[in-house]
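Below is one structure, written out as structure tokens; the observations come after it.
The values are calculated or read from the model by the stated rules, or taken from the named source; none is laboratory data. Model, not experiment: these values are computed from the prediction. Glycine also receives a Cβ, built like all others from the backbone with ideal geometry; neighbour counts cover every protein chain displayed. The area values use the complete protein model at the heavy-atom level, side chains included, leaving out ligands, DNA and RNA. Shrake-Rupley method; radii C 1.70, N 1.55, O 1.52, S 1.80 Å.
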Amino acid sequence: AALALLCGSAAAVVVWKWLGKRQIQKKMEEARRTRDEGLKKMAKAVQQFREQIPSVQTDAILSLPLMELTGRLHEGSLSPKTVLYTYLEKALEVTEQTNCIRHFIPECEEQLQEIQQQREKGLLFGVPISIKDHIGYKGHLATCGLVQCLGTPVPEDSVLVKVLKKQGAIPFAMTNVPQSLFSYDCSNPIFGRTLNPFNPQKSPGGSSGGEGALIAGGGSIVGIGSGIGGSIRLPSSFCGLCGLKPTAERLSVWHTRLRNEDVCSRPTPVPCALGPMARDVDSLALCMKALLCQEMFQLDPTVPPIPFDEEVYSSSAPLRIGYYDTDGYIPLPPCMRRAVEETRRALQAAGHELVLFSPPRIHYVMNELFLKTFFADGGRAWLDVFAGGIVDPSLKPQVNCCKIPRLGKKLLALILKPLVRLFKQFLLLLKLKNVAMISTCRSVKEMWNHHHQIEVYRTEFIARWRELQLDVVLCPVLGPAFTMGYPGKLLTAVSSTMLYNVLNFPAGVVPISTVTEADEEELKLYRGSCDDPWDRTLKSRGAAGGGLPVALQCVALPWQEELCLRLMKEVETLSREK
């Protein structure tokens, strides 16, 4: 009888698990079906528009920079309807190639009617704009690529969406993201993998990878991404775009699902920041100018009421620019260091003062501050978001490491620590040690101390900056685009961008050239720091990168977004002249 009861219980558990997984599969299938139906509706609407107005000069409209497009929309030589349907048509084409759109927003047609009723034309009047998956839009899902986020539509627009609408913009698409947003690749089990529009074998970056692919492919003129470790700057680097991560509190994040925080809310000393992505720096500046308005300051009183400072952005005064071509943590491929050196010379020739700058203690930032911020609990809360064990392949290495019991992690750390000293293969073993340990905070006191250590590091960094009397800093960004699958193998390669999230400094990326044949030849001789498996993985992730965009990162002190954009504009102008 006892054996029969045991067998019955085991069978019941198996059936229960099977039913749970079947329910999850149904939810995922329903989400994909809803997405596909939305695509069909938009395609039908575009076709109807084409039949009504067959003579639209599509290429001419798509080629207009944002500044010129807004001018034409304001003066009335272009209608918002023509521009919207032109971009809808192109977006359909781009998502067919790259799978970058998670959902079309059918209410864009209602917004088209509403902006005609506005008494004053906003700065973004008639501009179609795309937004990242987790930015709240009333009546739509904010999924973060997670199954448990599929059931509940967002009850109201996020503050950012409200402000965009007030400024006359027309949000028309929500773009794809990696599962849980914790990746700089772009793949999730619900909506699949997004491809790089320059090369389908390459990643578009993440977590704002859908935005990167859509804008780079020409299907959107400007979009809103978010970043907590490089999620605006890395897709911008991989896709050849300009992207700005502002100081975290400069733009409102109210009613935006931040890295599945609605599922597992927890405080973090490294906050998420929303920011614009576009094809040129002037577009970023216009977007920031539009967002930093009284509407945002009234809707979200936690945002400092600091309007965009056009005078700082438009200034032509010489800058004192700190620079470095490596942070000493991740060896960069030849093309990225070449980009820094060429730009340094061009800036110097243009009359700016360049000063060598060395960011302090990067290994400490990555190995202690970064990991302990995101895995203070050993990754347990993060594991909870993977309902039914549905994990994207790109995240499985990290998820499996988090599943190792604490005792197992300690044993691994003890084994690896002496090997670091014995064999000097520092980068590889340190990476393994970090992933194994997932530096945890073992008490509330230790958590508060960790927060304090971040503030201490910020103070130290700012003191070094001021000691050299710097205005801004020019430095590398991770790139060019990784081959698919490699971001999951190289989690800690994001030191170039993560540093400025830990510091909460505004930082932006601007493309300046492409990978040349000479860069490719030099990469064949690349040995990294130790010529070990870690370095060889770094080398192979960038193979066959000819023609891919090469970008640089520009940084300013907190609340000085305009100065950061000023340097980005200077770099962009010099690279275009070249």
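General remarks:
- Sequence-separation-based contact order of segment 19-308, relative, with Cα cut under 8 Å and 6+ spacing, percent: 18 percent
- Potential extension, ARG50-LEU3 segment - 0.36 nm per residue separation minus Cα distance: 9.9 nm
- Take the Cβ atoms of LEU468 and GLU522, set R0 to 25 Å, and the FRET efficiency comes out at 0.20.
- Accessible surface, the chain, averaged per residue in Å² (probe 1.4 Å): 41 Å²
- All other residues whose Cβ lies under 10 angstrom from that of THR497 are scored, Lys and Arg at +1 and Asp and Glu at -1, for a net of +2.
- Partner lysines whose Cα lies under 25 Å from the Cα of LYS403, excluding those fewer than 8 positions away in the same chain, are identified as LYS17, LYS21, LYS372, LYS417, LYS431, LYS433, LYS445, LYS489.
- Surface composition of the chain: carbon plus sulfur atoms contribute 56% of the solvent-accessible area (1.4 Å probe, protein chains only, all chains present).
- Once the Cα-Cα distance is subtracted from the 0.36 nm per residue extended length, the GLU455 to ARG32 segment shows a gain of 147.9 nm.
- Rounded to the nearest 20 debye, dipole of segment 42-89 from Cβ charges on Lys, Arg, Asp, Glu: 160 debye
- Structure note, pairs LYS138/LYS166; LYS132/LYS165; LYS162/LYS289; LYS166/LYS289; LYS138/LYS162; LYS27/LYS90: Cα-Cα distances above 21 angstrom occur for LYS27/LYS90.
- Sites GLN117 and TRP559 - FRET efficiency at Förster radius 35 Å, r taken between beta-carbons, to 0.05: 0.50
- Positive-end residue of MET498, SER394, THR70, charge dipole of the chain with Cβ unit charges: SER394
- Once you reduce segment 182-239 and segment 360-380 to the center of their Cα atoms, the two points are 25 Å from each other.
- FRET E, pair VAL444, TYR364, Förster distance 25 Å, beta-carbon r, rounded to 0.05: 0.65
- Accessible-area value, ASP325, 1.4 Å probe, nucleic acids and ligands omitted, Å²: 60 Å²
- Percent antiparallel among DSSP beta bridges (both partners in segment 19-308, rounded to 5): 70 percent
- Counting only heavy atoms of the protein chains and using a 1.4 Å probe, LYS166 has close to 120 Å² of accessible surface.
- Using C-alpha pairs under 8 Å with a sequence gap of at least 6, the mean separation divided by the residue count of the chain gives a relative contact order of 15 percent.
- Positive contributions from Lys and Arg (+1) and negative ones from Asp and Glu (-1), summed over other residues with Cβ under 12 Å from the Cβ of GLN560, come out at -2.
- Evaluated with a Cβ-only charge set (Lys, Arg +1; Asp, Glu -1), the chain carries a dipole of roughly 2360 debye about its Cα centre, given to the nearest 20.
- Positive dipole terminus of the chain, leading residue within VAL515, ILE115, LEU383 (C-beta point charges): LEU383
- Of VAL281, GLY545, ASN367, farthest towards positive along the dipole that unit charges on Lys, Arg, Asp, Glu beta carbons give the chain: ASN367
- Available extension along the chain between THR152 and ARG72 is 24.9 nm, counting 0.36 nm per residue and deducting the alpha carbon span.
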